[in-house]
Amino acid sequence: MSTASAHTVTLTGVQGHVVRVEVDAAAGIPGMTVVGLPDTAVREARDRVRSAISNSGATWKSCKVTVSLSPASVRKRGSGFDLALACACLAAFDAVPHDALGKWVLIGELGLDGSVRPVRGVLPMVLAAVRAGRSQLLVAEASGGEAALVPGAEVAVVDSLDEAVDVLRGEVAARWADAVTPHSQVDEELDLRDVNGQQTPRFAVEVAAAGGHHLLMHGAPGAGKSLLAERLPSLLPALSEDEILEVTAIHSVYGALRPERPMVVRPPFQAPHHTATAVALVGGGTGIARPGAVSLAHHGVLFLDEAPEFDRHVLDTLRQPMERGSVTLARGDATVTYPARFQLVLAANPCPCGKANSRALACSCTPDQKRRYGARLSGPLLDRVDLHVPVMPITRAELVDGRGGEPSAAVRQRVLAARARAHARFADVPWTCNAQIPGPELRRSHRVSADALAIVLDEVGRGRLSGRGVDRVLRVAWTIADLKGIDQPGLGEVSSAVSLRGGGLPWAA
């Protein structure tokens, strides 16, 4: 008996750290001690590893086993240490060649029967290993497709501790995993042609897609607000390779990936229920905070239907990530930052009963009830939403016609062309779409004519726009100009942007 070591990875949010698992098997009172800031799941690995080794046909030596997890200053979490710990123990028992472990990073949970099971967060773990110069990994078979997505990673898969030992001994050839082809992962999308009428809201959705703008739609129930919001992702560009890895890593940490669909290739769509808590929305929980809906919607759409039904405090937690494109969650053990650059879409009824402005039904809400209902959407939150659009009930003629509108494919072509114009304009700066331009840069380098600016300043004088609102109107005007294929927004584009900003929210009357 002797000492041996193996390598695995621990996660802090979506950031991985390579961990050296050192095992010393020596004479003494039989037992296993784990040091190096292990959490409960890592400490419990002692029993899983002992049973897995015994049930795999190997012999667990009756001796004193000391396990050190290095670096000792990093908190070690999760059951992904099991496979590395078991193989390091077998090497210390002289059942596995010591030098065989040096080139591998091992990630997997062990069952008591010796089976190797997948764990959450394999993709960011593999990313961390490759960045640390360790490109050969041994993972659970169910995690192989996800792990192989990382460029430069050589991923072997096993389904049992027996097989892992045989690979390390060189008795069987490693089974190498292949990355999943992105094109095979695209689902059939909801199409904008399913929406009858609603020309102004449809245009607002197109503008939102082209410029990355946040959107509020308010109107009677059944007018089509949810239909439009659900079809916004069908207008967005496909994710780039870097974005695919970034988004998939977040979903992997959350545990939202399926073995048969181990990657996210289209902009994600998240629609939490109005009873969602702040933790569910922005992330949190005990220990290392998990990502919330704002991070799961990274590079995609976060849709809050019946937005005034959400708790006001919960809604106001969105303000920081909307501005920064990330959310930072501080806990006693660690501070975690998750990316959260999403497009927010809010849908709201005109009043609690939803019958205001109805042609056939009388609203029973008092003015005070309407004000309280609308007050759940705070002024600072609404000020961060670029587009405020009323959605009127569909007319009888539009319903009977039934032909629907322009399909998503046609609208997406205009969106892609507009984004290409913006991308060329931002070739030397870090932002990629109009909604991301900082206010000072917008006013300094992306000016509009004096006549066009006068329209916006008039809205400021009337108290309808704040300073932040001015910037948002000008960003929308640039997006409309990009959709039209012109070099600079003029009177028409700025006027359209002002009208899409809207000032007549129903509960404000």
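The values are calculated or read from the model by the stated rules, or taken from the named source; none is laboratory data. Bear in mind that the values here come from a model prediction, so they are computed numbers and not experimental data. Virtual Cβ from ideal backbone geometry, glycine too; neighbours counted across all protein chains shown. With ligands, DNA and RNA removed, areas are computed over all heavy atoms of the protein, side chains included. Shrake-Rupley method; radii C 1.70, N 1.55, O 1.52, S 1.80 Å.
log10 I(q)/I(0), Debye, Cα-only segment 3-176, no solvent, q = 0.14, 0.15, 0.17, 0.18 Å⁻¹? Debye intensities relative to I(0), on a log10 scale: -0.63, -0.73, -0.96, -1.09.
Taken per residue, the accessible surface of segment 440-509 reaches 48 Å², heavy atoms only and a 1.4 Å probe. Full extension of the chain between Trp431 and Thr277 gives 52.3 nm of extra length, using 0.36 nm per residue less the Cα-Cα distance. Working ranking of peptides 100-106, 302-308 by packing, defined as the average number of other Cβ atoms within 10 Å per residue, highest first, is 302-308, 100-106. By the helix-only formula, in which each DSSP H run with n ≥ 4 contributes -39500 (n - 2.57) and the sum is divided by residues, the chain has a 222 nm mean residue ellipticity of -10500 deg cm²/dmol. Mean sequence separation of contacting Cα pairs (under 8 Å, at least six apart), scaled by the length of segment 192-499, corresponds to a relative contact order of 25 percent. Counting only DSSP beta bridges whose two residues both lie in the chain, roughly 50 percent are antiparallel.
Solvent-accessible area assigned to carbon and sulfur over segment 192-499 amounts to 51 percent, based on a 1.4 Å probe. Protection proxy ranking of 237-249, 450-462, by the mean of other Cβ atoms within 10 Å over each peptide's residues and highest first, is 237-249, 450-462. Place a point 7 Å from the Cα of Arg50 along the Cα-to-Cβ direction; which residues of segment 115-133 have their backbone N under 19 Å from it? Answer for segment 115-133: 115. Our note on the geometry: Cα centres of segment 417-453 and segment 40-109, 54 Å apart. For the pair Ala362 and Ser62, the difference between a 0.36 nm per residue extended length and the Cα-Cα distance amounts to 99.9 nm.
Note that segment 145-275 presents 42 Å² accessible area per residue, ligands and nucleic acids not counted, probe 1.4 Å.
With θ taken as phi - 60° and the Karplus curve 6.51 cos²θ - 1.76 cosθ + 1.60 applied, the whole-hertz 3J(HN,Hα) list for segment 333-348 is 7, 6, 10, 10, 10, 10, x, 7, 8, 10, 9, 8, 10, 9, 10, 9 Hz, x standing for glycine and proline.
Given in Å, the Rg to one decimal and the Dmax to the nearest whole number for the Cα atoms of the chain are 27.5, 87. Placing a label point 7 Å from the Cα of Asp178 along the Cα-to-Cβ direction, no residue of segment 124-142 has its backbone N under 13 Å from that point. The fraction of accessible area contributed by carbon and sulfur in segment 3-176 is 48 percent, rounded to a whole number (1.4 Å probe; ligands and nucleic acids excluded).
Can you tell me the 0 to 90 degree angle between the C-alpha axis of helix 82-92 and the longest principal axis of the chain, rounded to 10? So the helix axis and the longest Cα principal axis differ by about 20 degrees. Taking all protein chains into account, the per residue accessible area for segment 41-109 stands at 36 Å² (1.4 Å probe).
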